[in-house]
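J.: Would you mind keeping the following structure in view while I ask a few things?
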Amino acid sequence: MPTHYDTLGVSKSASTDEIKKAYRKLCMQYHPDVASSSSSTTSTTQSKNAEKFKRISEAYSILGNENKRRRYNFDISESGIHELRKKAAAAAKAKGTAGGGGNSFAATLPRNVLIGGILGVAGVTFMRSIMPERENNDVHHEHTGKKRLVEAWLNPKTNRWEKPRPWDQEYQRLQPVLQFVPRDQVDSGGKR
């Protein structure tokens, strides 16, 4: 299929002035009003000239506008790349079939990712269903033999360990010294 550059008879690197010059020259040659004035033209020649003039006008409307030309260049380069990709895929498929493999890594990747994801979710769900639930504090204590400690202060009014609350007026007034206390004593409000 001829490109618009082929229709106007210019190279892809032609300037706007060169495109305009080629367009005007072809218009004078194929314009229906100008070409029909000569006595040697027949009706089939006139219809061919009219078709040729339409293609020339379309080519100039695209190549004469910089934005449209840039987009057209991208489109024809993409179609060229697309054709190269088709040829490469066909060659790879032929090579893969001749070698006896048939399936390429890229073709099986989505299927493998899907199967792996399903098996992973099923495995985690199964393991959670057979293992008993435990509190985080108990697990930490089981593994280390030590309880988790948090900073707390002893409130003299309630005689309970509380987490620091700098916005509390009582806390600001007393300015207590913080100590490390097992978390379960603070959370449960254990006494000293």
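The values are calculated or read from the model by the stated rules, or taken from the named source; none is laboratory data. Note that the structure is predicted; figures quoted are calculated from it, not measured. Every residue, glycine among them, receives a Cβ derived from its backbone with ideal geometry; neighbour counts consider all protein chains shown. Note: accessible area is taken over every heavy atom of the protein model, side chains too, but ligands, DNA and RNA are not part of it. Shrake-Rupley method; radii C 1.70, N 1.55, O 1.52, S 1.80 Å.
J.: Which value, in Å² rounded to 10, gives the accessible area of HIS82 with a 1.4 Å probe and all protein chains present?
T.: 100 Å²
J.: Starting from 0.36 nm per residue, how many nanometres of slack lie between LYS54 and GLU170 once their C-alpha separation is accounted for? Intermediate results must be reported in sequence, preceding the final value.
T.: On the way: separation 116, 0.36 × 116 = 41.76 nm, distance 9.02 nm.
Length gained between LYS54 and GLU170: 32.7 nm.
J.: Run the simple label-point estimate for LYS146 and MET131 please: 7 Å along Cα→C-beta, distance reported in nm.
T.: Each label point is offset 7 Å from its Cα along the Cβ direction, giving 2.3 nm.
J.: Further question: Tell me, in nm to one decimal, what length is gained between THR45 and ALA91 on full extension, where the rule is 0.36 nm per residue of separation less the Cα-Cα distance? Display every interim value, and only then the final one.
T.: Details: separation 46, 0.36 × 46 = 16.56 nm, distance 4.43 nm.
Result for the pair: 12.1 nm of gain on full extension.
J.: Using a 1.4 Å probe, how large is the accessible area of THR125, given in Å² and rounded to the nearest 10?
T.: Spelled out: THR125, probe radius 1.4 Å, area about 90 Å².
J.: When all protein chains stay in place, what accessible area (Å², nearest 10, 1.4 Å probe) is found for ILE115?
T.: The accessible area of ILE115 comes to roughly 90 Å².
J.: Still on this model: Mind ranking 173-181, 59-67 by how tightly packed they are, going by the mean number of other C-beta atoms within 10 angstrom, highest first?
T.: Working: 173-181: 11.8, 59-67: 15.9.
The most tightly packed comes first, giving 59-67, 173-181.
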